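The values are calculated or read from the model by the stated rules, or taken from the named source; none is laboratory data. On a predicted model such as this, the values are computed, not experimentally measured, just so you know. Neighbour counts are summed over all protein chains in view; Cβ atoms, including those assigned to glycine, are modelled from backbone coordinates with ideal geometry. Ligands, DNA and RNA are stripped out before the accessible areas are found, and what is left, the full protein with its side chains, is counted by its heavy atoms. Shrake-Rupley method; radii C 1.70, N 1.55, O 1.52, S 1.80 Å.
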Amino acid sequence: MGLELFDSKTQTVREFTPLQPGLVSMYVCGPTVQSAPHLGHLRSALVYDLLRRWLEANGYQVTVVRNVTDIDDKVLVNAAEANRDWQEFALEVESTFNSAHTSLGISEPTRSPRATEHIADMIALVESLISKGHAYQAEDGTANVFFDTSSWPSYGELTNQKLENMEGEVEASFGRRNVNDFALFKAHKPGEPESASWQTPWGMARPGWHIECSAMAKHFLGTEFDIHGGGLDLRFPHHENELAQSSANGDDFANFWFHNALVTIQGQKMSKSLGNGVSVEELLIAGSWAAIRYWLSSAQYRSNLDYTANSLSDAQAALDRIGGFVKRAKLVTSVVKAQLPEGFVRAMNADLNIPAAIAVLHETIRAGNIALDAQEIASVTEHLSEVSAMLDVLGLMLGQPKEFSAELTAKIEKLIGLRSEAKGSKDFAKADQIRAELTDLGVTLEDLPNQTIWSING
RNA sequence: GGUGGAGUGGCUGAGCGGCCCAAAGCAGCAGCCUGCAAAGCUGUCAAACCACGGGUUCAAAUCCCGUCUCCACCUCCA
């Protein structure tokens, strides 16, 4: 059985078949670069990285477009507060996202377009919508342009809502005809930087939030593509509005809608507006990037993931177990090409059940350890190779071995040599003294049957 | 008011009609290894039965009904 994914539009798990054999096109809503990323953003980025890896492991050529929303109310507000040029500010925040992604081992999207680079595409799309009777310039004559929700009977189809049940704006404002109509372009406001507005057929304006995704998805992926992803909190209004714009324009848009659940803290959503987001800096005090990645993988993507004080240390302990096996196994054998275990494949295909896949990883490690104890090298090789293949798919990093100076390495190895000699001549006092010396240097020794390996803590 | 989702061992977290008297990890306990440790490994422990009360079924954590609690979205958010 092949890959099955939950499609949040139909609210069913469906077999995934790409529109074009062998190719997968995916659009992911990336960050609004208004402030530095927190754990929740990392989860979202990681989910799509894992999906991409699994698709690639299955032989698909995957095109991932992840946008950067670099023009938005909050970007302008936050930049102004920081007394910065908004474009510089946006670029800087974007780079903090990028470096966090890189550190987490998230591969770069095929394309990562910025909203401000596609104003022309957005204008074209809005003109098309106006000509089809689905959008209008503000009644008050400003450059505001709105989508006319009353012209689109399917509005609400993504989130299964009826227009009359929606709360909408308190009152029609800025020239809206209807409280649920949403902005496609926003007229330039006095006080906002000139640079934050563009010449449009309706006057100087900047794009609304939703139009960029419709325009850029079409630009890079065409009128129809396989998967549209983003955080659960984007389903409404953002994705609902994207769908309305694109489908009102006659485009088929996404075949699968994919929404990752959120990271919570004390049961509450982690969010910029609640101010309870755990920043990258705080995370790195609690654990390593590897631990963060492992922990973020530990719940299925549609389940909330609650961050607690122990989260990263638990993850690190699990990771150490994995790393310990790999390290020891590699002393007696090496990795060969291996098939992924059937249970692992089954778990990944079942709507990307990473925690179940990780369970298979641990089971394989246990079997590998047993083989290691029994000195059954062929079996160790097999298990090590399977583990390696699984780690590859999961993109799990095993605490990249730190580089130490040759000088330090030589010193440590010399001390270990002396200790071994002391042990050989049963001079345990001396051996223990050397071990204590190494402990002071932060070096942890591990005595294996015929050698001593070492690592440096922290 | 509307639309979704969740409640599983000390913690995290899979399972969503029979293979479940419930995966995996962490923590706990014991043993192995060791000169002793550390680290590591192995085993084991754990839920008077999966929020509660009914029901359907030969069979339910898994389906249905009711109740309680919690979360998300309907305003910017991954």
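Side notes on the structure shown:
- For a straight C-alpha distance cut-off of 18 angstrom, the lysines reachable from residue A:411 (same-chain residues fewer than eight places away being disregarded) are A:402, A:430.
- Rounded to whole Hz, the Karplus (6.51, -1.76, 1.60) HN-Hα couplings of region A:180-194, x for glycine and proline: 8, 5, 10, 6, 9, 9, 10, 4, 4, 9, x, x, 8, x, 4
- Structural descriptor for region A:4-269: relative contact order 23 percent, calculated from alpha carbon pairs under 8 angstrom and at least 6 residues apart.
- Cross-link partners of residue A:423 among lysines (Cα-Cα below 17 Å; sequence separation of 8 or more within a chain): A:414
- Rg over Rh [alpha-carbon atoms, Kirkwood Rh] for region A:33-186: 1.03
- Accessible carbon and sulfur surface of region A:310-394 relative to its total accessible area, %, 1.4 Å: 51 percent
- In this entry, region A:317-425 is assigned a mean projected area of 8.6 nm², taken as a quarter of its C-alpha convex hull surface.
- Take the Cα radius of gyration of region A:102-173 and divide it by 2.2 N^0.38 Å, N being the number of residues; the result is 1.54.
- Of all aspartates and glutamates in the structure, the ones whose alpha carbon falls short of 17 Å from that of residue A:330, not counting any fewer than 8 places away in one chain, are A:320, A:373, A:376, A:382, A:386, A:392, A:446, A:447.
- For the residue pairs A:327/A:426; A:132/A:218; A:74/A:162; A:74/A:218, alpha carbon separations beyond 20 Å are given by A:327/A:426; A:74/A:162; A:74/A:218.
- Per residue accessible area of chain A, 1.4 Å probe, in Å²: 46 Å²
- Using C-alpha pairs below 8 Å separated by at least 6 residues, the relative contact order for chain A is 15 percent.
- Heavy-atom accessible area order for A:123, A:285, largest first, 1.4 Å probe: A:285, A:123
- Note that region A:4-269 carries a Kirkwood radius of 19.2 Å, evaluated over its alpha carbons pair by pair.
- Note on region A:220-277: Cα convex hull, mean projected area over all directions, 4.7 nm².
- √(5λ) per eigenvalue of the Cα gyration tensor, chain A, largest first, Å: 51, 26, 17
- Sequence-distant residues sharing a close amide H with residue A:14 (under 5 Å, placed H): A:5, A:6, A:7
- Annotation: the antiparallel percentage among DSSP beta bridges lying fully within region A:4-269 is about 50.
- Accessible area in the full protein assembly, largest first, 1.4 Å probe, for A:14, A:293: A:14, A:293
- The antiparallel fraction among DSSP beta bridges confined to chain A stands at about 50%.
- Taking the Cα centre of region A:4-269 as reference, the dipole from Cβ charges on Lys and Arg (+1) and Asp and Glu (-1) amounts to some 400 debye.
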